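Report on one structure; see the data block that follows.
Read-outs: derived from the displayed coordinates by stated rules, not from any lab. No experiment lies behind these values; they were computed from the predicted model shown. Note that we place each Cβ from the backbone using ideal geometry, even for glycine, and neighbour counts take in every protein chain shown.
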Amino acid sequence: MYRKLSVWFAAAVCAVVLGTYFSATFLYLTPPNPVKARHLGTILSVELPLFSQNWHLFAPNPVRSNLLLAGRCGVGSQTTPWTDLTTPFVAGHHRNRFSRLGKLLRPTQDALYLILGRNLDEWRPLVCKRFPTDERCRNDRERQKARELGTYIVQRVVSASCAGVPGVQRVQARIIVHDPPPWSRRHDRQDAGKMRYLTLPWMEYVP
Amino acid sequence: MLGRLSSWLSTDHFSVGAGLTRISLGAWAVFSYTLFWRDRQLLWGPHGIYPFDRFMADDPFLNLFAISPSPVFVDALYLAGVAIAVLFTVGYWTRVMTFLHWLMIWSIQTRNDFLGDGGDNIMRIVLFFMIFVNAGAVLSLDSTRKPWRGRALVQPVLAVVHNFAVLAIVLQLAFLYMSTGLYKAMGELWQNGTALYYILRVDAFSWPGVAEYIYRNPYIVVGATYGTVLFEITFGPLLLNRWTRLLSVIPAGFLFHLGIGAVMGLTTFAWSMLSLYPLLVTDGEYQAAGGWIRRQFGLTVYYDGWCPACTRSVRWLDRLDLFSLLRFVSFRGLVSVDQRRAERRILSVDGRGRMREGMDVMLQIATRSPLLWPLVIPVWLIRLVAGQRPYDAVASRRLILVPGPCADHCAVESEPKGPSAPEGVSSARPGLRP
């Protein structure tokens, strides 16, 4: 009797816990909708921080640009030439699918996304539409914070690449966005796609 | 009805899958720790790419790296993580190790948020659920030990929790696929069938020399783009039927993730996703598959049970038989085996009834034990060059102890008269004895 009762009690507790978690997860993963907006506080309190999850994975639209980081180092009034800090990692990862370079490339790539403003939480527009005066929505502080963080990581990465330059005082980063040719021009070998550059201001060298 | 449900709930299900998932996730972690050993201070150190003061300003939750800002502490934690991952993989104190391993992976992933991909994300959620799973019941060191005292009392409740936790992992996986599938269905490039082209044109997700052949071909691009969305959306519903699960979801999933791993280079993502697939197969299905494999590849070996060296070797070979494909039987006294032939050379009979002897049996045993695979080619070469001679040279000199009622004194020189006859010790002289 005791055994049966304990089994049913455990099953009931598990069912309630799982039911709560997966109901919250279902709404957490849906696109912005009225039910989600109404219960957002509860949903986030269940999911964050332990169960934060993002399954966009190349959706709704996949990444379609190459993001490259170039850096140069400044000593007094002199500067070194621009160095490509992305391609060697990508090439290494192409040579060996199990190398560490594929993952080591990620901090830089993520930092560039933060600077270009593509990585904001998707629930933010939902909250800000409903509660424009919410602290999270005023003055676009989150965007500024993301940009600052991305810039800091880039500063560290470029500084690390300048570590071998004697007397280096400052570093500069350039983001190169390369859009490969569209599907309709895939056979045109002359078409190398479009290049855009964003050069960041000089920053202090941070060892 | 309720009684049957209650007894079903209080029995562990998916134990084999849980064991395989544990081993695969553990091996992934050991591999990752080894891979980033050189970069540990850069990635997670106090003066690394995301320094300690910034990390602490984020108000970290339950993170072991928040304990100390010392680089030595980071090294110690990292080494502890490696040890925990190894113990988790081999299934030693599995439940405790699962908790510690989850805590380490959670800490290391949230210490530096810039490294993770979808594979890391699913892994840290699944590892949390794994704490409640009895992942050490099979294929583990724990399974070779006696259960702790008092386990029988709480076993039914633990089994209920285990079953629900396995369900949680599978549901989480289904939610992942459904979520990404529906988001993809909303995307313009996934709708017009060209998403794969644009992904493969991004160098970080491409494979120069191979990708060109894929992305220039409209049939492959459109087929794979739509196939991806279709696979992801139907993953959950197709799990509900046994045949669609075994014949469609699992093979398609392997193909899908191995393709992503090879062509797009998302190897660790493929590894962590496929680590969860063993949980999609029930224990009964594993047993049925095991039975079929044993029938096809099983081998009965007839050895000399009167030869101490042979018995010792057999004991070792039995331990190395990880797939339980070998059955060792002493030929002594068996009427179904030609005693004279078996006395001369070790014999084996495979699933199709083919009999082999001597060196060929050695080769058969080596091919069935993964730990002996390095010996397969050398043994084959020896067999090719020297035939059965090396085996005969060893076998003919073996010591044979004939069992019998000799408690205090055994006659050393006496010759045995038959399989059940007198006691004694003798040197093997095949062909000379009855």
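I need the chymotrypsin sites (Phe, Trp or Tyr not before Pro) found in the stretch B:104-185, filtered to DSSP loop residues with at most 13 other beta carbons within 10 Å of theirs.
Answer in residue order: B:Trp148.
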Taking A:Trp202, B:Trp292 and counting other beta carbon atoms within 10 angstrom, the fewest-first order is B:Trp292, A:Trp202
Going by alpha carbons, how many degrees (0 to 90, nearest 10) lie between the helix axis of B:250-263 and the longest principal axis of chain B? 70
Ordered by fewest other Cβ atoms within 10 Å, a rough proxy for footprinting exposure, A:His39, B:His101 read A:His39, B:His101
At a 10 angstrom cut-off on C-beta neighbours, averaged per residue, how do the peptides B:217-230, A:178-191 rank from highest to lowest? B:217-230, A:178-191
Note, the stretch A:161-175: 3J(HN,Hα) by Karplus (6.51, -1.76, 1.60, θ = phi - 60°), whole Hz, Gly/Pro = x, goes 6, 9, 4, x, 8, x, x, 5, 10, 9, 9, 9, 10, 10, 9
Obtain the nm distance between the two label points defined at A:Thr133 and A:Thr80 by a simple spin-label model: each point lies 7 Å from its Cα along the Cα-to-C-beta direction. 5.3
For the Cα atoms of chain B, what angle does the longest principal axis make with the long axis of helix B:308-320, in degrees from 0 to 90, nearest 10? 20
Here the whole-number average of other chain Cβ atoms within 10 Å per Cβ of B:156-164 is 5
Between the stretch B:1-46 and the stretch B:80-147, the Cα center-to-center distance that results, in Å: 5
Amide H of B:Leu399: which non-local residues (sequence gap of 5 or more, or other chain) have their own amide H closer than 5 Å, using H built in the peptide plane? B:Ala309
If one compares the long axis through the Cα atoms of helix B:94-111 with the longest principal axis of the Cα atoms of chain B, the angle in degrees, nearest 10, works out at 30
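Averaged over its residues, how many other protein chain Cβ atoms are within 10 Å of peptide B:199-212's Cβ atoms? Please report the intermediate quantities before stating the final value.
On the way: counts 4, 2, 12, 10, 11, 13, 5, 4, 3, 4, 1, 1, 1, 1.
The mean count of partner-chain Cβ atoms within 10 Å per residue comes to 5.
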Whole-Hz ³J(HN,Hα) for each residue in the stretch B:159-173, computed from phi via Karplus 6.51 cos²θ - 1.76 cosθ + 1.60 with θ = phi - 60°, x for glycine and proline: what do you get? 5, 4, 4, 4, 4, 5, 5, 4, 4, 4, 5, 5, 4, 4, 5
Roughly how crowded by other chains is peptide A:100-106, in terms of the mean Cβ count from those chains within 10 Å of each of its Cβ atoms? 6
Can you compute the label reach from B:Arg54? Point 7 Å from Cα along the Cβ direction, backbone N cut-off under 14 Å, restricted to the stretch B:97-124. B:111-115
Label-point separation in nm, B:Leu79 to A:Val13, each point 7 Å along Cα→Cβ: 3.9
FRET efficiency for B:Arg340 and B:Ala289 from the Cβ-Cβ distance with R0 = 35 Å, rounded to 0.05, comes out at 0.35
Partner lysines whose C-alpha sits under 29 Å from that of A:Lys4, ignoring same-chain residues fewer than 8 away, are B:Lys146
Read phi for every residue in the stretch B:187-200 and hand back ³J(HN,Hα) as whole Hz from Karplus 6.51 cos²θ - 1.76 cosθ + 1.60, θ = phi - 60°, with x for Gly and Pro. x, 4, 6, 6, 6, 8, x, 10, 3, 4, 4, 5, 5, 6
